[in-house]
1. Can you tell me which residue is nearest to Gly233 (Cα to Cα) among those in the range 295-318 that are in contact with a Leu (Cβ under 9 Å, 6 or more places away or on another chain) and surrounded by fewer than 23 Cβ atoms within 10 Å (Cβ to Cβ)?
2. Before we move on, is Ser218 surrounded by fewer than 24 Cβ atoms within 10 Å (Cβ to Cβ) and in contact (Cβ under 8 Å) with a residue 24 or more places away in the chain?
3. Residues that are at pLDDT 85 or above and in contact with a Ser or Thr (Cβ under 7 Å, 6 or more places away or on another chain): find the helices (runs of 4 or more DSSP H) completely inside the range 1-106 holding 2 or more of those.
4. What do you reckon, is His175 surrounded by fewer than 21 Cβ atoms within 10 Å (Cβ to Cβ), within 30 Å of Gly136 (Cβ to Cβ) and of a type outside the set (D, E, K, R)?
5. Would you pick out the residues in the range 189-215 that are open to solvent by 10 Å² or more (accessible area, probe 1.4 Å) and of a type in the set (Gly, Ala, Ser)?
6. May I ask you to verify whether Gly225 is free of Cβ contacts under 8 Å to residues at least 24 places away in the same chain, under 28 Å from Leu156 (Cβ atoms) and open to solvent by 10 Å² or more (accessible area, probe 1.4 Å)?
7. Those residues that are open to solvent by 30 Å² or more (accessible area, probe 1.4 Å) and touching a helix residue (DSSP H, G or I) at 6+ places or on another chain (Cβ under 7 Å), I need them from the range 260-276; list them, please.
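The values are calculated or read from the model by the stated rules, or taken from the named source; none is laboratory data. None of these values were measured; they are calculated from a predicted model. Here the Cβ positions follow ideal geometry from the backbone for every residue, glycine too, while neighbour counts run over all protein chains shown. We work out accessible area using only protein heavy atoms, side chains counted, and drop any ligands, DNA or RNA first. Shrake-Rupley method; radii C 1.70, N 1.55, O 1.52, S 1.80 Å.
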Amino acid sequence: MPNIGAFIAWGLITALFIPTGWTPNSQLAQLVDPMIKLLLPVLIGYTGGRLVHGQRGAVVGAVATVGIAVGADVPMFLGAMIVGPLTAFLLRLWDESVGRKVAPAFQMLVNNFSAGIIGGVMAVLGMLSIGPAVEGITKGLGNGVQFLLNAGLLPLVSIIVEPAKVLFLNNAINHGVLSPLGVAHAQGSGKAIEFLIEPNPGPGLGILLAITFFGVASMRATAPGAIVIQFLGGIHEIYFPYILAAPRLIIAAIAGGATGVLVFSITDAGTTAVPAPGSIFAVLAVTAKGSYFGVITGVVLSAAVSFVVAAALMKFGR
């Protein structure tokens, strides 16, 4: 969440300045690749490291992330989510076992060198091994998505994506697998359907609407507020607990997600960048020229299908 602003900045720059953007500018378009391949992964690694071991963890997390970012051809969001916290955890183990025993006169010296050595070693390991391994996994998953795309079966991706989202793996799936695929496709066509698969706010909207009308009293009380946060604010995580409380609703999420992907495919809709967060405003802001009908129709129909399925699963409140 602290890095959402950076994703929005990259998305707006991409939407505006790439050759197929709204105001093409070759000089400003040079910002796109460094931001997606270096800035955003490093920010993720920095934040993950900070969560594990404060500022020292943030620093080594960023250093280690540079290693995997430089050594890979795809944006290393998933790798940054792994190596940033991992490096910070190793530094925390060092500080708790060795660092606290160092004499005060040498505390600063030992702290700086331990962070530098651990961060540097993890950067090298990341470039030589961790980065390529994560890149291989990402490309393997991406090839699976690509296979479904080529076979005309892309809606089946929702069978994997929607349950993963509910388990709070939405960012890993979106930025680690789908976004790199979308970046590759967008470079050639100026838009990509992969950017829409996970951020589509339609399925979550339909489920929350169904809960508002037909859910149990405790869920109905908070669902309307959750709709504002999810659909307008783009924070999809707000509806995940509702599904975890009633797991059968995952069927509605899958049905709505598959419907949206099917409509996007049929209408050849796509966005120029990842809508971040997954707000309807963010989606429309980066929608490619000529794709507004497909995007809006896909969102509306995915919401309608998930609403009907969720309402039926809840027996229409009976």
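1. Filtering first and then ranking leaves Ile296.
2. No; evaluated as a whole, the condition is false for this residue.
3. Values: elements: 4-17, 40-70, 77-97.
By residue number, 40-70, 77-97.
4. Values: surrounded by fewer than 21 Cβ atoms within 10 Å (Cβ to Cβ): no; within 30 Å of Gly136 (Cβ to Cβ): yes; of a type outside the set (D, E, K, R): yes.
The answer is no for His175.
5. Ser189
6. On the way: free of Cβ contacts under 8 Å to residues at least 24 places away in the same chain: yes; under 28 Å from Leu156 (Cβ atoms): no; open to solvent by 10 Å² or more (accessible area, probe 1.4 Å): yes.
Criteria not met by Gly225.
7. Applying the first criterion (open to solvent by 30 Å² or more (accessible area, probe 1.4 Å)) to the range 260-276 yields 262, 265-268.
Within the range 260-276, Leu262, Ser265, Thr267, Asp268 meet the criteria.
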